[in-house]
Amino acid sequence: MYPILFTVFGFPVTSYGVMLVVGLLVGNWLTVVRWRELRLDPAAATNIFTYVMVGGLVGAKLYYAVDTWLREGTSLAEGLVSDAGITWYGGMIGGAALAAIGCRVHGVSFRLYADTACVGAAVGEALGRVGCFLVGDDYGRATDLPWGIAFPEGYPPTLDLVHPTQLYHVAWLLPIAAFLWRRRRTSPFLFGEYLALNGAGRIVVEHWRVNPRVALGLTEPQWIGIALIALGVSGWLACSREGGKRALT
């Protein structure tokens, strides 16, 4: 575990921060590769990515602040300035919202951008999960399995051997990315497939996480996962009824 890699002028540079930046850059690079494949202007994809990056970071922090305020009674200001607290689902919502604005500003179809960006999104999230592993965040319940890991400097620290659920996410997301890449020319709505598969993976991995159950024995991320499946499948079916004529080639 390497939570702090080095310091710059007294400010710590965390392994999570580095992996987050790497994930964003790799995600955008994969999107640009797809745009070039479609003979589209890659500069437009990078311009929209700027919106995604800002919206994702703000959304991730805001979601964490509001969530902890509602569940634990902490102040919004405390959640916003906390060193911890980058929630992926908040980042996804914020990134998608600003991507829609960016697409409108630059005259690009949001569906086009979403379909071309989802492979990069899966790989980028996987790299972010590696960052979570390196800093000891988002681990799971105690286990006696041989791959259990302790995080003595984690967030929070634990000396118990626990499920490295961060790596479980990576093991799910990378095959998803490969699957989506193979489907990029034939899927009627690739982004819908990404949403559904991402949600399914989160539902399963939550089985080993320590998040509290909020309703019907399911955790908040599991409910969000169900919502992602519903959105992805409904969007896919709607586009499929168009006969797949708008699928990207």
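The values are calculated or read from the model by the stated rules, or taken from the named source; none is laboratory data. From a predicted model like this one, the values you see are computed outputs, not experimental measurements. Counting neighbours? That spans all protein chains shown, and the Cβs are built from the backbone with ideal geometry, glycine included. SASA here: full protein model, heavy atoms, side chains in, ligands and nucleic acids out. Shrake-Rupley method; radii C 1.70, N 1.55, O 1.52, S 1.80 Å.
When peptides 171-181, 138-148, 49-59 are sorted by average Cβ neighbour count within 10 Å, with the highest value leading, the order is 49-59, 171-181, 138-148. Relative to the longest principal axis of the Cα atoms of the chain, helix 42-72 runs at roughly 40 degrees.
Take Arg104, Arg111 and sort them by solvent-accessible surface of the protein heavy atoms, 1.4 Å probe, largest at the top. It would help to have the intermediate numbers written out before the result.
Working: Arg104 205, Arg111 40 Å².
Output order, biggest surface exposure first: Arg104, Arg111.
Per the Kirkwood formula applied to alpha carbons, region 22-173 shows a radius of gyration over Rh ratio, Rg over Rh, of 1.05.
Mean silhouette area of region 1-56, derived from the convex hull of its C-alpha atoms and averaged over all directions, reads 5.0 nm².
Annotation: for a label point projected 7 angstrom from Cα along Cα→Cβ of Trp208, residues of region 121-136 with backbone N closer than 19 Å are 125-136. The heavy atoms of Ile229 offer some 50 square angstrom of accessible surface to a 1.4 angstrom probe.
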